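Asks: First, the structure itself, so that you have it in front of you.
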Amino acid sequence: MNYTQAIKFDMKRFFFLSFLLLGFHVGRVSAQIPEYEALPISVAQPSLPNIPDRWVDLKDFGGVGDGVTSNTEAFARAIAALSKQGGGHLRVSAGLYLTGLISLKDKIDLHLEKHAVILFSPDKTEFFKRDKVTGKPVSDKATPCITASSCEDVCITGEGILDGNGEWWRAVKRSKVSDVEWNRFQKMGGMDADHGMIWYPFDLKHFQNIAESYELQEAMRTHLVRFTECTRVLVEGVTLQNSPKFHLVPQRCTDVVIRNVSVRCPWNAQNGDGIDIMNSRRVWISGCTVDVGDDAICLKAGAGAAGVKAGPCEDIVITNNTVYHGHGGFVIGSEFSGGMNRIVVKGNTFCGTDTGLRFKSAPGRGGKTSQIYISDIYMSDIAGEAVVFETTYVNRPVGQEGNTLSGTANFLPEFTDIHIRNVVCRDAQTAVSAAGTLEMIHGIRLENCTFFYAEKGCQMDNEGMITMKDVVFKTY
C-alpha cells in the first residue's frame with residue numbers, strides 16, 4: 001500500500017468510525033425501549049430530543065433566585081443566547097426564581113437542578129405576549145407559563161420544581177375547603193359569588209384584574225406547560241405543581257417522552273388536570289406520580305370537525321405510573337373526535353381516585369377508538385366507578401349550570417375495540433358502569449379481573465356493551 005492509498009484508507013476508516021459513532025448516538029436516542037418489547041400490539045415508539053452539549057447558567061444572564069427579583073428577562077436572554085449558538089442546556093441552579101412567561105426554542109433543555117424552584121408570578125398581567133415596540137398585549141388570551149410552539153428537540157429536565165402559583169388564578173368552592181383554607185383565600189381579597197359559596201381571585205388586594213368581570217377572568221385561566229406542534233419533546237425528573245389550570249399539555253405533537261415526573265396540586269383545584277395529551281403521536285409516559293384535582297393522565301383529540309382536522313392520539317404507551325387523586329386515573333375524553341388508535345396502558349396503580357379507568361364523551365365531541373389495550377391495573381379506595389363508560393358527559397365550568405347536550409347526531413362517541421385485563425380493584429363504590437347506546441359502546445372486553453365493590457357490581461344500559469371472561473365481583 002503506497003502513501004496515497006494509505007491516506008485514502010485512513011479517510012475511509014475515519015468516515016466509517018464517524019458513522020459508527022453517529023449511529024451509536026442515534027441508536028441511544030431511538031433504541032428499543034424495554035417497555036415496548038412485550039406489548040400486545042405493535043406501537044411506534046418515540047425518538048428523544050438531540051440537544052447540543054453546551055451549557056449556560058441562568059445566573060450568567062442576570063438570574064437571581066431570591067424569590068423577589070423578576071427573572072423574566074433573564075430567561076429570555078439566556079434562551080435567546082443558547083438558540084443563537086444552535087441550542088444547549090440552560091441550567092437553573094438552587095434558588096427560588098420568580099418569573100413571568102418562559103418561551104422555549106429549538107434544541108433547548110431547561111434543566112432545573114435539585115432545590116431549584118421556578119415560581120410563576122402571581123401577577124396575571126405578566127402572562128400575555130406583548131408587542132416588542134408598544135408593549136401592548138397581542139392577544140386577549142393568557143399564555144401558558146412555559147410554552148414551546150413549532151419547535152424541534154425541546155426538553156424540561158432535572159430535579160427541580162415548576163410552581164404555577166395557581167391559587168391566584170383558580171376559583172374555589174366553599175364546600176371543598178376547610179374554614180382555615182377559606183379564611184386564607186378571603187385574606188387575599190377577591191370576591192364571593194353564588195351567595196358566598198364560590199370565591200374568585202378577582203379584585204385582589206395586591207394585583208390587578210385581567211378582565212372586566214370575574215366570569216371573563218375565570219375563562220382566561222391558563223396552563224402551566226404547553227407544547228404545541230412540537231417534535232421530539234422530553235419532560236423528565238421535574239415536579240410540576242399548582243397550575244392555574246392543566247399542568248402538562250402536549251398538543252398536536254410528535255415523539256413525546258414524559259418520564260419520572262411528579263405532578264401535584266390540591267385535590268379540589270378546579271380543572272387541575274395532570275398530564276393531558278392532545279392529538280399527539282408516538283408518546284411514552286412512564287414512572288410518573290400524579291396527585292391532582294381533575295383527570296390525572298388524560299387523552300384528548302378535539303371536538304367536532306376541528307378535532308378531526310387535528311388528527312388522532314395514536315401510538316401511545318402509558319406504563320408504571322402511580323395516581324393518588326384525580327377524577328380519573330386514566331381517561332379518554334371528553335372530546336376525541338380525532339380518534340384514539342393503538343394505545344397501551346400497562347402496569348399502573350390508582351389509589352384514591354374518583355374513578356379508575358374513565359371513558360367519557362358525548363354527541364358532538366366523540367370519535368372512534370381502536371386497538372386500546374389496558375392491563376395490570378391495581379386500584380384501591382375508588383370513590384366512584386372502577387371502570388366507567390359515559391356518553392352523556394356535560395362540561396360544567398365552575399359557577400355555571402354547564403353546557404347541555406346539543407342533541408346532534410354528528411361526531412358520536414364510539415368506544416370500541418377496547419381490551420381490559422388483569423385489573424384488581426378493592427373498595428370501589430361501583431365496579432363497572434356503561435351508560436349509552438350499543439352504537440356508542442360496544443366491542444369492550446374485560447378479562448381476568450377482580451372487583452370488590454361497596455354498592456354496585458356491573459350496571460350497563462344495554463346487554464352486549466361489555467363482554468366478560470373470568471371476571472369476579474365481590475362485596476361485603
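Asks: Being free of Cβ contacts under 8 Å to residues at least 24 places away in the same chain, small (Gly, Ala, Ser) and assigned to a loop (DSSP other than H, G, I, E, B) is the filter here; which residues of segment 169-205 pass it?
Replies: Once the filter is applied, which keeps residues that are free of Cβ contacts under 8 Å to residues at least 24 places away in the same chain, small (Gly, Ala, Ser) and assigned to a loop (DSSP other than H, G, I, E, B), segment 169-205 yields Ser178, Gly196.
Asks: If you don't mind, there's one more thing I want to ask. Answer with yes or no whether Phe336 is in contact with a Ser or Thr (Cβ under 7 Å, 6 or more places away or on another chain), aromatic (Phe, Trp, Tyr) and in contact (Cβ under 8 Å) with a residue 12 or more places away in the chain.
Replies: Yes, satisfied.
Asks: Another question about this same structure. For segment 360-367, indicate whether the set of residues that are out of contact with any Cys (no Cβ under 8 Å at 6 or more places or on another chain), surrounded by fewer than 24 Cβ atoms within 10 Å (Cβ to Cβ) and either assigned to a strand (DSSP E or B) or in contact (Cβ under 8 Å) with a residue 12 or more places away in the chain (or both) is non-empty.
Replies: Yes, because at least one residue in segment 360-367 is out of contact with any Cys (no Cβ under 8 Å at 6 or more places or on another chain), surrounded by fewer than 24 Cβ atoms within 10 Å (Cβ to Cβ) and either assigned to a strand (DSSP E or B) or in contact (Cβ under 8 Å) with a residue 12 or more places away in the chain (or both).
Asks: Would it be correct to say that Ser280 is of a type in the set (Ser, Thr, Tyr), in contact (Cβ under 8 Å) with a residue 60 or more places away in the chain and crowded, with 22+ Cβ neighbours inside 10 Å?
Replies: no
Asks: Filter segment 283-295 down to the residues that are touching a Lys or Arg at 6+ places or on another chain (Cβ under 8 Å) and in a loop (DSSP other than H, G, I, E, B), then identify the one that is surrounded by the most Cβ atoms within 10 Å (Cβ to Cβ).
Replies: Of everything passing the filter in segment 283-295, Asp295 is surrounded by the most Cβ atoms within 10 Å (Cβ to Cβ).
Asks: Out of curiosity, is Asn268 at positive phi and of a type in the set (S, T, N, Q)? Quick ask: steps written out before the conclusion?
Replies: Details: at positive phi: no; of a type in the set (S, T, N, Q): yes.
So Asn268 fails the test.
Asks: Here is a follow-up. Taking interchain pairs and intrachain pairs at least six residues apart, which have beta carbon atoms under 6 angstrom, with the first residue in segment 214-232 and of a type in the set (Val, Ile, Thr) and the second modelled with pLDDT under 95 and part of a loop (DSSP other than H, G, I, E, B)?
Replies: Once the first residue is of a type in the set (Val, Ile, Thr) and sits in segment 214-232, its partners that are modelled with pLDDT under 95 and part of a loop (DSSP other than H, G, I, E, B) give Thr222/Ala142.
Asks: Looking only at segment 18-41, filter to residues that are surrounded by fewer than 11 Cβ atoms within 10 Å (Cβ to Cβ) and either under 25 Å from the mean Cα position of the chain (by Cα) or under 25 Å from Val345 (Cβ atoms) (or both); which one of those is modelled with the lowest pLDDT?
Replies: Result: Gln32.
Asks: Anything in segment 424-444 that is in contact with a Gly (Cβ under 8 Å, 6 or more places away or on another chain) and over 15 Å from Glu463 (Cα atoms)? List them, or say none. Step through it out loud before you land on a result.
Replies: Going through segment 424-444, the residues in contact with a Gly (Cβ under 8 Å, 6 or more places away or on another chain) turn out to be 425, 428-432, 438, 440, 442.
Answer for segment 424-444, where residues must be in contact with a Gly (Cβ under 8 Å, 6 or more places away or on another chain) and over 15 Å from Glu463 (Cα atoms): Cys425, Ala428, Gln429, Thr430, Ala431.
Asks: Scanning segment 315-327 for residues that are in contact (Cβ under 8 Å) with a residue 60 or more places away in the chain and part of a strand (DSSP E or B), which turns out nearest to Asn422 (Cα to Cα)? Talk me through it step by step, then tell me what you get.
Replies: Let us first name the residues in segment 315-327 that are in contact (Cβ under 8 Å) with a residue 60 or more places away in the chain, namely 315-317, 319-320.
Restricting the remaining residues to those that are part of a strand (DSSP E or B) gives 315-317, 319.
Values: Asp315: 21, Ile316: 20, Val317: 17, Thr319: 14 Å.
So the residue we want is Thr319.
Asks: Considering segment 93-114 alone, what residues qualify as being over 21 Å from Trp168 (Cα atoms) and within 23 Å of the chain's Cα centre (by Cα)?
Replies: Within segment 93-114, Ser103, Leu104, Lys105, Asp106, Lys107, Ile108, Asp109, Leu110, His111, Leu112, Glu113, Lys114 meet the criteria.
Asks: Which of the residues that make up segment 126-179 are surrounded by fewer than 21 Cβ atoms within 10 Å (Cβ to Cβ) and of a type in the set (Lys, Arg)?
Replies: If the condition is that a residue be surrounded by fewer than 21 Cβ atoms within 10 Å (Cβ to Cβ) and of a type in the set (Lys, Arg), then Lys129, Arg130, Lys132, Lys136, Lys141, Lys173, Arg174, Lys176 are the ones that fit.
Asks: Give Phe75, Phe61 a once-over and let me know the one that is surrounded by 15 or more Cβ atoms within 10 Å (Cβ to Cβ), aromatic (Phe, Trp, Tyr) and either farther than 18 Å from Cys145 by Cα or in contact with a His (Cβ under 9 Å, 6 or more places away or on another chain) (or both).
Replies: On inspection, the qualifying residue turns out to be Phe61.
Asks: Next question. Hey, can you tell me all the residues within segment 196-208 that are surrounded by 17 or more Cβ atoms within 10 Å (Cβ to Cβ) and not aliphatic (A, V, I, L, M)? Spell out how you get there, then give the answer.
Replies: Looking only at segment 196-208, we keep the residues that are surrounded by 17 or more Cβ atoms within 10 Å (Cβ to Cβ), and these are 198-202, 204, 207.
If the condition is that a residue be surrounded by 17 or more Cβ atoms within 10 Å (Cβ to Cβ) and not aliphatic (A, V, I, L, M), then Trp199, Tyr200, Pro201, Phe202, Phe207 are the ones that fit.
Asks: Moving on to the next point. Against the definition (surrounded by 24 or more Cβ atoms within 10 Å (Cβ to Cβ), modelled with pLDDT of 95 or more and closer than 23 Å to Thr157 by Cα), how does Cys298 come out, yes or no? Spell out the reasoning first.
Replies: Details: surrounded by 24 or more Cβ atoms within 10 Å (Cβ to Cβ): yes; modelled with pLDDT of 95 or more: yes; closer than 23 Å to Thr157 by Cα: yes.
Here the answer is yes, as Cys298 does meet what is asked.
Asks: Mind listing just one residue for me: the one in segment 127-149 that is at pLDDT 95 or above and under 17 Å from Ala80 (Cβ atoms) and, of those, farthest from the chain's Cα centre (by Cα)?
Replies: So, considering only residues that are at pLDDT 95 or above and under 17 Å from Ala80 (Cβ atoms), the one farthest from the chain's Cα centre (by Cα) is Ser149.
The values are calculated or read from the model by the stated rules, or taken from the named source; none is laboratory data. In this text, all values refer to a predicted model and were calculated from it rather than measured experimentally. Cβ coordinates were reconstructed from backbone atoms using ideal geometry, including for glycine residues, and neighbour counts include every protein chain displayed.
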